[in-house]
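A quick write-up on the structure given underneath.
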Amino acid sequence: MQIGRLKFLIPTALAALAVLSCGEPAPSGTHTTAPGGEVQAPDKHYFISAANSYATEAGAEILARGGSAVDAAIAVQAVLGLVEPQSSGLGGGAFMMFYDPATRRLETYDGREVAPASATPDRFLLPSGEPMGFLDAVVGGLSVGVPGAVRMLDLAHDEHGKLPWAELWAPAIKLSEEGFAVSPRLNGLLQQIPRLKQLPAAAEYFYGEDGAPRPVGYVLKNPAYAHTLRLVSEGGANAFYSGEIAAEIVEAVNGGPNPGGMTLDDLAAYQPVKREPVCGPYRAYQVCSMPPPSSGGVTLLQILAFLEPFDMTGAGAGSIESLHLLFEASRLAYADRNQFLGDLDQSSDAGGLTQEQVIAGLLNPPYLAARAALIDRSKAADAAEAGDPSAFPLVDGALPGAWRNLAKDGSPEPPSTSHFVVVDGEGRVVSMTTTVEFAFGSHLMAGGMVLNNQLTDFSFTPERDGKPVANAVAPGKRPRSSMTPVIVFNGNGDVWAAIGSPGGPAIIGYVAKSLIALVDWGLSMQAAIDFPNAVYPRGAPILEAGGYDSQIVEGLKRLGHDISERDLNSGLHGFRRLDDGSYDGGADKRREGVWKTGVVKADE
């Protein structure tokens, strides 16, 4: 796996990475000999798991025709924006991880939204200096970031697409014109988000004349979205970031409640970014994920590193001991996350720290070991504060002593988003998390799309006690994310698993739980996804309601955990590669996910 610079990686994993970087590709399958003596190529199998059956089928259609994993991802995203508009869409952003076994190269694509040029650090402050209420900030143009998904998909397709760009949008165009059946989840959220019907475009589309949400099974058509998709399919990403679509976005952002100050120049200037993945070891595996502006990868790797010294297998699946250790590791990792992580590429006042220094410092083995040593197996810590990585110099020189110049973040971070994984017939893998942020984003629509409210992922408070917040608003800056798309490699450097989830800051915990269930507890992918969630995203541990019996809850309370129980609606989707090359798939039953395998059709 070629990653370029390895400064972001925990050094103990470098030996495993050498296998990934320069080893020869493994055979994709065995050959058989036909009765006549000619050699027959093995069947090429694909895999896909996504949050809605329409999206899964659209991606499978592309894969069956020999499309690449990236080709299928484009079709999936286009359909999700139609049938699951509460979670993701072309009006939002995404992070994509892509691995090609032929080149053994892992690449990450950052399609995160950016703040318009007019954005200032006080964007979400009232005249009194107090932060706005979250829902007041969400609804309207003030919360809308420049969408990044389309330009990111365009870049990935240029580099890894096989089928023509125009063909990839056909399933979503057809579905938009012919209509799709409203799902129970979409109907339920329409009932739960009362402000949505206050916005004219959303009210007309999602609700009937009597104000009732479209019922389950209602065939909902979206000709405006079909038109947008046709323009993009024919004109590429440029047709989205200029011309008719861009004008509609700008009009929606500035012509309704809380005008956002976005311009056509903001859209024209948007560029996706290819970044170095962050990777680290867990047991016999190598776990890779997204770097900042996503906090997911670094925080996940910290949680796993803090658990490495403990026998999670011996502790037992879902035991008091294993949950206690998971909570304590999460508490420490989230404390670091909330103080240090953000889009430091665009932060001129982030205490003098660069993005590279922050990643290297937080994943520095001596620092990780010192943080792990803070975990007491017999009781919960009274509190967890961010650490000081500058006390643990790296081999190539000490980091600046600026870590204490940053203040804690203040972002509400609601749960939403969607995740899917794809493997094409050649074994190329996509693990992609995509979002419009809150349910139905900003509630604004343009071109048949829901527009994101991603800017509310910034800290509403730009500084505290005179110290800047790393995740403060700034022009052209990307808000910090919790999205954690993951690809896991085995000791031979081959892909072993891929997974991810929606869920706001709990995403990191959902993914961590599932990886522990796979690696330490030996569960199948579906069983790991189904295993009751246990997360620590906001300063207190949460167990999935109904997932754990009273003895577990009381045992954790005796250790000092202030446990609460509530619904934790993850949307985990993933696969594990079995020894025979087949796929052990999983889709989260807490939502409406479906996974599918199939055989690539032979060329005509």
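Points to keep in mind about this one:
- Checking each residue in the stretch 317-347 for being open to solvent by 20 Å² or more (accessible area, probe 1.4 Å) and under 25 Å from LEU523 (Cβ atoms) picks out ALA317, SER319, ILE320, GLU321, ARG331.
- Yes/no for LEU155 being open to solvent by less than 20 Å² (accessible area, probe 1.4 Å), touching a residue at least 12 places away in the same chain (Cβ under 8 Å) and under 30 Å from VAL429 (Cβ atoms): no
- Summed over the stretch 544-592, residues that are touching a residue at least 40 places away in the same chain (Cβ under 8 Å) and open to solvent by less than 20 Å² (accessible area, probe 1.4 Å) total 14.
- Filter pass, GLY297 being more than 21 Å from ALA94 (Cα to Cα) and touching a Pro at 6+ places or on another chain (Cβ under 6 Å): no
- Top-ranked residue in the stretch 85-103 [being open to solvent by 10 Å² or more (accessible area, probe 1.4 Å) and assigned to a loop (DSSP other than H, G, I, E, B); ranked as farthest from TRP595 (Cα to Cα)]: THR103
- Failed condition for ALA119, given (1) touching a helix residue (DSSP H, G or I) at 6+ places or on another chain (Cβ under 9 Å); (2) over 23 Å from GLN271 (Cα atoms): (2)
- Lone qualifier among ALA55, ALA119 - being touching a residue at least 24 places away in the same chain (Cβ under 8 Å), assigned to a loop (DSSP other than H, G, I, E, B) and of a type in the set (A, V, I, L, M, F, W, C): ALA119
- Residue count for the stretch 271-286 under the criterion of being of a type in the set (S, T, N, Q) and more than 28 Å from ALA517 (Cβ to Cβ): the result is 1.
- Tally of residues being in a helix (DSSP H, G or I) and touching a Pro at 6+ places or on another chain (Cβ under 9 Å) across the stretch 206-224: 1
- LEU190 being touching a strand residue (DSSP E or B) at 6+ places or on another chain (Cβ under 6 Å), at negative phi and touching a residue at least 24 places away in the same chain (Cβ under 8 Å): yes
- Applying the criterion of at least 1 residues that are within 19 Å of the chain's Cα centre (by Cα) and modelled with pLDDT of 95 or more to the helices (runs of 4 or more DSSP H) found wholly in the stretch 275-359 leaves 296-307, 320-340.
- Taking each residue of the stretch 125-142 that is under 20 Å from ASN452 (Cβ atoms) and looking for partners that are assigned to a helix (DSSP H, G or I) with beta-carbon atoms closer than 6 Å, six or more apart or interchain, yields ALA137/SER143; ALA137/THR456; VAL138/THR456; VAL139/ARG195; GLY141/VAL253; GLY141/ASN254.
- Taken over the stretch 169-200, residues that are more than 30 Å from GLU61 (Cβ to Cβ) and more than 25 Å from the chain's Cα centre (by Cα) amount to 7.
- Conditions (1) assigned to a loop (DSSP other than H, G, I, E, B); (2) crowded, with 24+ Cβ neighbours inside 10 Å; (3) of a type in the set (A, V, I, L, M): number failed by ALA73: (1)
- Which numbered condition GLN526 fails, given (1) buried (at least 21 other Cβ atoms within 10 Å of the Cβ); (2) not in a loop (DSSP other than H, G, I, E, B): (1)
- No other residue among LEU189, LEU229 is part of a helix (DSSP H, G or I), modelled with pLDDT under 95 and not polar (S, T, N, Q) apart from LEU189.
- As a summary of the residue check, ARG591 satisfies the conditions (1) modelled with pLDDT of 95 or more; (2) in a loop (DSSP other than H, G, I, E, B) except for the one numbered (1).
The rows are residues; the columns are (1) part of a strand (DSSP E or B); (2) of a type outside the set (Phe, Trp, Tyr).
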position: HIS443; (1), (2): no, yes
position: PRO475; (1), (2): no, yes
position: MET483; (1), (2): no, yes
position: VAL488; (1), (2): yes, yes
position: ALA498; (1), (2): yes, yes
position: ALA506; (1), (2): no, yes
position: TYR510; (1), (2): no, no
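- Screening LYS162 with (1) open to solvent by 10 Å² or more (accessible area, probe 1.4 Å); (2) in a loop (DSSP other than H, G, I, E, B); (3) farther than 30 Å from GLU426 by Cβ gives one miss only, at (3).
- Condition broken by LEU142, with the remaining ones in (1) part of a helix (DSSP H, G or I); (2) buried (at least 24 other Cβ atoms within 10 Å of the Cβ); (3) among the hydrophobic types (A, V, I, L, M, F, W, C) satisfied: (2)
- Evaluation of LEU374 against (1) open to solvent by 60 Å² or more (accessible area, probe 1.4 Å); (2) at pLDDT 90 or above; (3) out of contact with any helix residue (DSSP H, G or I) (no Cβ under 9 Å at 6 or more places or on another chain) (one fails), failing number: (3)
- Residues in the stretch 186-212 that are more than 15 Å from GLY89 (Cβ to Cβ), open to solvent by 30 Å² or more (accessible area, probe 1.4 Å) and not acidic (Asp, Glu): GLN191, GLN192, PRO194, ARG195, LYS197, GLN198, PRO200, ALA212.
The values are calculated or read from the model by the stated rules, or taken from the named source; none is laboratory data. Values in this document were obtained by computation on a predicted structure and should not be read as measured data. Note that we place each Cβ from the backbone using ideal geometry, even for glycine, and neighbour counts take in every protein chain shown. To get the accessible areas, we keep the full protein, side chains included, count just its heavy atoms, and leave off ligands, DNA and RNA. Shrake-Rupley method; radii C 1.70, N 1.55, O 1.52, S 1.80 Å.
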